[in-house]
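Structure first, then comments.
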Amino acid sequence: MAATEPSDVLAKLGGSWTWILGSAVTTLVAGILVLVWPDATLHVVAVVIGLYLLVAGAFRFVAVFGRQAQGDRLPVLLAAVLFVLAGVLCLRNPLQTITALSLIVGIVWLASGILTLYTAIAVRGLPHRGFVAGSAVVGIVAAIVVLALPAESARVLTRLLGLWLVLLGLAEAALALAWRAALRRSGLTGANARGAHP
């Protein structure tokens with residue numbers, strides 16, 4: 001009976017390598033759409049980025065339930081809330097400038113990267129600490145680059161956002177595959193070996 005509790009279902013899902021891979025695919029799809037649609041209107045770009053942030057926030061929220069300790073959950077929860085709020089902001093005002101859109105994404109990536117890096121450093125026994133830290137560093141670098149170029153042309157910033165989304169998606173995919181390999185070696189399930197998702 002306990003296994004059918006919603007929190008148990010979310011915990012099993014949040015600790016699964018396929019959930020991490022789903023988050024990676026979401027990021028990759030958003031990046032590819034932005035890259036192959038370079039002449040899209042700002043409205044379209046804002047909607048794509050907004051939807052990406054909302055879905056990524058949802059993935060991170062479910063990942064919170066896959067954390068065993070309360071101390072492990074707070075950084076992920078803060079990142080999830082940040083992603084969702086930024087996604088809502090993008091969707092509520094999609095006619096904003098590309099500079100404003102870039103600043104929103106840059107701030108989200110910077111905060112999320114710092115939180116993820118903190119988790120990789122502070123949480124003892126975190127599986128795949130190196131992959132988690134690497135993913136965090138990619139996010140931080142992406143944020144710094146985007147924030148450092150807020151006055152660039154819309155085309156340049158759009159391509160830059162798309163490129164970094166693809167890189168972040170690939171980093172998450174690598175983490176998911178590493179998690180899958182570790183689970184196969186140990187014979188554990190996602191529910192019994194939690195905490196890989198940044």
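Nothing in this text is a laboratory measurement; each read-out follows from the coordinates by a stated rule. Everything quoted here is computed from the prediction, not taken from an experiment. Neighbour counts are summed over all protein chains in view; Cβ atoms, including those assigned to glycine, are modelled from backbone coordinates with ideal geometry.
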(message) Calculate the FRET efficiency for Leu91 and Ala174 from the Cβ-Cβ distance with a Förster distance of 22 Å, rounded to the nearest 0.05.
(response) 0.15
(message) Suppose each label sits 7 Å from its Cα in the direction of the beta carbon; what would the Tyr118-Val36 distance come out to in nanometres?
(response) 3.8
(request) Please give the length that would be gained between Val137 and Leu78 if that part of the chain were fully extended, namely 0.36 nm times their separation in residues minus their C-alpha to C-alpha distance (nm, one decimal). (result) 19.5 nm
(message) What distance in nm lies between label points placed 7 Å from Cα along the C-beta direction at Ile107 and Arg155?
(response) 2.9
